[in-house]
Amino acid sequence: MKNRPTDNQAEELKTLREEVLELKKKLHDETMRADFYDTMIDVAEEMFNIEIRKKAGTGQSKGCIETK
């Protein structure tokens, strides 16, 4: 006789499959959001001719540094 999953294992497997599907949907949604955000910044930079993204290696502007 083959090893058949018990009712407990079958329920756990079903729960895990549902969780995987939910996580895949969330990943898809977040990927879409990130792509939209990047596109929005690209369009804004082009339309308004300003740099929005911070260049690598640049420091914080002096006006933003808090004094304690």
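The values are calculated or read from the model by the stated rules, or taken from the named source; none is laboratory data. Being a predicted model, the structure only gives us computed values, none of them experimental. Every residue, glycine as well, gets a Cβ built from its backbone with ideal geometry; the counts of neighbours run over all protein chains shown. SASA here: full protein model, heavy atoms, side chains in, ligands and nucleic acids out. Shrake-Rupley method; radii C 1.70, N 1.55, O 1.52, S 1.80 Å.
Counting only the heavy atoms of the protein chains, how much of Thr39 is accessible to a 1.4 Å probe, in Å² to the nearest 10?
Rounded to the nearest 10, the figure is 80 Å².
Starting from the residue with the highest accessible area, list Ile41, Ile50 in decreasing order, probe 1.4 Å.
In descending accessible area the options line up as Ile50, Ile41.
Quickly work out the Glu46-to-Leu16 label distance, labels modelled 7 Å from Cα along the C-beta direction, and quote it in nm with one decimal.
The modelled label-to-label distance comes out at 4.6 nm.
With label points built 7 Å along Cα→Cβ from the Cα atoms of Arg53 and Asp38, find their separation and express it in nm.
The two pseudo-label positions are separated by 0.8 nm.
Using a 1.4 Å probe, how large is the accessible area of Met40, given in Å² and rounded to the nearest 10?
Met40 has an accessible surface of roughly 90 Å² with all protein chains in place.
Using only protein heavy atoms and a 1.4 Å probe, report how much of Glu30 is accessible, in Å² to the nearest 10.
Roughly 100 Å² of Glu30 is accessible to a 1.4 Å probe.
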